[in-house]
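The block underneath contains the structure these notes are about, expressed in structure tokens.
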Amino acid sequence: MKNLSKKQYITTLIVCFLAITILSFCTIQAFYKKAVSDTLSVGESALKQQMEQMDSYLSRGMDAVELTAITVEYMLRENYSSDDILNFLTEESKYYKRDVDKSFTGIYGLFDGEYLDGIGWQPGKGYVPQDREWYKAAVAAEGEPTFVQPYLDAQTNTVMVSISQLLEDKESVISLDIDLGTLQEETEAIKLNGHGYGFVCDKTGLVVTHSDDKSIGKDYSKGEMSPIYNKVVSGGDQIFTYKMKSGKVTVFSAPIMDEWYAVMVINNDKLYQKVSRLIIYDVSLSIVLYIVIVIFCTMSRRITMRTLNELDETNNELIEINDSVMQALAKTIDAKDKYTKGHSVRVANYSRELAARMGKSKKEQDEIYQVALLHDMGKIRIPDAIINKPGKLTEQEFSMIKLHPVTGYHILKGIRRFKDLGIGAKYHHEHYDGTGYPSGLKGENIPEIARIIAVADSYDAMASNRSYRNALPQEVVRGEIEKGKGTQFDPAIADVMLQMIDEDKNYDMKQTDELKRRILVVDDQKMNLMLVKGICKDEPMYEIFTLTSGQEAIDFIKDNEVDLLLLDIEMPEMDGFETLSKIREFSDIKVAFITATRDYDTIEKARGLGVEDYITKPFLPAVFLETIHGIID
């Protein structure tokens, strides 16, 4: 039960661990995918918002150029003078800077071969408008407004970008300069939850604006950023990851006016910081949950084990009580026959060994032992005179002996704990050929447990001492078992017993204790000694020795084997207590006190010294003999 409980405990922990691990893994995986998707969506939305602001900002510049170009084209067609056109450009420049966007610094251009500037800037000698990028870009765009590559403004020393448009005469060009300060501010705002950086580059890889103004003007088509640049210019809104020297980054990109690209770069550790924290929290929660389960299971197991231990103790106590009762009953049975001491226990041991060799389970072996222990229970009802008769029994006496299996069956049949107790008692004298008693059963109709006990019982009867003989020689016992195969005994079980006999080289399977018991009686009054001898004169099992003093008893026990010491308490010179104390220094002989004292404190003192019993004078012969028999046998 304890091993099963331990297995269940370990299995529960393993199953819980696997369940929590799988559940956490699936939950974290689903959560991670959703969190990553949401994070990327937020990042994409954040960039798109900044891109739309930039796009709107630059679109206003495009619109300004297109509207101004319409008016200038009209003025050229109507042959307005250069001064008129210049005045118009001047007013428009002021208007755009004041009312539209302060970054719109001024409108200028080449009109009918003359350079006119709305903010009054006068070019130096050698300045050729047709050689400037704003003019070339406009011509290349063939009448469509176009962005010009950013440049450093000579007047303001700031990064500028121009939007230029070729007019309808195919020679005149109008251009608007835009200060990129506002665009730089928009670029610096490209972040996600305060993390990452942004930049704007054109199709050539030139960095127009950057969160770090030191990077403005760099060429990202080369160096470490070139893979990011190549991926960005490949087209469309994009989200991708890239491994840089500083670690993995996620890149968000979106086109601006189909001319430039807004880009946001965020380190993955920063991007998924909250996700990582939530995952760590989830894992920690799972660990805590598992620890709680382990603690709960451990506490439950301890309670269970405590209960099981208590049940085991109770069960062991019950088994011990049961065994004690069975042993007591067996001794009660054997006590009927003075000459068969230990017969029931020996038969039970032989039966268990036979069962083991026949392949029976441990439980079956124990049950067979208990059944065999009480196989002679029915002898309780047979008179002692018949059981202990030294001579041959009469036919009537033997008929009474043959009743003990039936008597035993009816005594034991009500014990449900061992259902075969009655069966073993009733049928252990049945013979395999059908000539046995009480029912004349034959062959395998005889219950197997009775067939086993029959072999063990017959073997011990031959290998035990009797009043008229000692145990038979081993070869005689073997011959009788061999001869009884198929007649008295089950052949298969008899063969097992023969195997046991053949393995018993020293003939250990026999009754080894002597029938004679040496009893020493010590009393200072010779009358009591004579009384004891008179009581025991018809008891051939007892050899009586008598002494009159404690010192004589000590000397005798030192030199002789004694089975029981009957010691008077009140003696001159050395009383019974002092005598026993000195004897205990060298011997653990069984002792019973004989005394006329009836004081209970004296009895308790005797028990404290390990005295087996206490016989008071004058004693009845029957009580005296029963006490001796109980102590010795």
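The values are calculated or read from the model by the stated rules, or taken from the named source; none is laboratory data. In this text, all values refer to a predicted model and were calculated from it rather than measured experimentally. Here Cβ is always computed from backbone atoms with ideal geometry, including for glycine, and neighbour counts include all displayed protein chains. Each accessible area value is taken on the protein alone, full model and side chains, heavy atoms only, with ligands, DNA and RNA left out. Shrake-Rupley method; radii C 1.70, N 1.55, O 1.52, S 1.80 Å.
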Would you work out the relative contact order for the stretch 348-457, in percent, from Cα pairs under 8 angstrom that are 6 or more residues apart?
25 percent
What nm distance separates the two modelled labels at LEU18 and GLU570, each placed 7 Å from Cα along Cα→Cβ?
8.2 nm
Relative contact order (percent) for the chain, with alpha-carbon contacts under 8 angstrom and 6 or more residues of separation?
7 percent
Residue-span extension gain [TYR74 to MET530] - 0.36 nm each, minus C-alpha spacing:
147.5 nm
So what does log10 I(q)/I(0) come out to for the stretch 1-140 at q = 0.11, 0.14, 0.20 Å⁻¹, using the Debye formula with one equal point on every Cα and no solvent?
-0.64, -0.82, -1.22
Kyte-Doolittle mean at least -1.0, axial Cα span of 30 Å or more - DSSP H helices of the chain
2-77, 273-335
Counting all C-alpha pairs of the stretch 520-580, share separated by more than 14 Å (%):
53 percent
Find, among the trypsin sites (Lys or Arg not before Pro) in the stretch 405-502, those assigned to loop by DSSP (not H, G, I, E, B) with at most 15 other beta-carbon atoms within 10 angstrom.
LYS413, ARG416, ARG417, LYS419, LYS442
In deg cm²/dmol, rounded to the nearest 500, the helical mean residue ellipticity at 222 nm of the chain, built from -39500 (n - 2.57) for every DSSP H run of length 4 or more, is -17000 deg cm²/dmol
Provide the per residue accessible area, probe 1.4 Å, for the stretch 49-123, rounded to a whole number of square angstrom.
52 Å²
Out of the GluC sites (Glu not before Pro) in the stretch 159-231, which ones are loop residues according to DSSP with at most 16 other C-beta atoms within 10 Å?
GLU168, GLU171
I'd like the trypsin sites (Lys or Arg not before Pro) in the stretch 33-116 restricted to DSSP loop residues with at most 16 other Cβ atoms within 10 Å, sorted by number.
LYS102
Sequence-distant lysines (8 or more away, or on other chains) whose Cα lies within less than 30 Å of LYS6
LYS360, LYS362, LYS363
How much area per residue is accessible in the stretch 528-629 when the probe is 1.4 Å and only protein heavy atoms are counted (Å²)?
53 Å²
Per q in 0.05, 0.07, 0.11 1/Å, what log10 I(q)/I(0) does a Debye calculation on the alpha-carbon atoms of the chain return?
-0.54, -0.69, -1.10
Per the rule of 0.36 nm per residue minus the C-alpha distance, extending ARG607 to LYS203 adds in nm 134.0 nm
For LEU311, LEU625, give me the order by solvent-accessible area with a 1.4 Å probe, most accessible first, ignoring ligands, DNA and RNA.
LEU311, LEU625
1.4 Å probe accessible area per residue over the stretch 209-266, in Å²:
48 Å²
How high is the relative contact order of the stretch 96-229? Use alpha-carbon pairs under 8 Å, at least six apart in sequence, and give a whole percent.
18 percent
Which is farthest toward the positive dipole end of the stretch 484-586 among LEU564, LEU580, ALA492, measuring Cα position about the Cα centre, with Cβ charges +1 (Lys, Arg) and -1 (Asp, Glu)?
ALA492
What part of the accessible area of the chain, given as a whole %, is carbon or sulfur when the probe is 1.4 angstrom?
53 percent
Working from the pairwise distances between different alpha carbons, so that the mean of 1/r is found and then inverted, what is the stretch 63-173's Kirkwood radius in Å?
14.2 Å
Which of the lysines could a cross-linker span from LYS136 if the Cα-Cα distance has to be under 30 Å and same-chain partners fewer than 8 positions apart are dropped?
LYS94, LYS97, LYS102, LYS125, LYS170, LYS203, LYS214, LYS218, LYS222, LYS231
At R0 = 25 Å, how high is the FRET efficiency between SER399 and ASP433 if r is their beta carbon distance? Nearest 0.05 is fine.
0.75
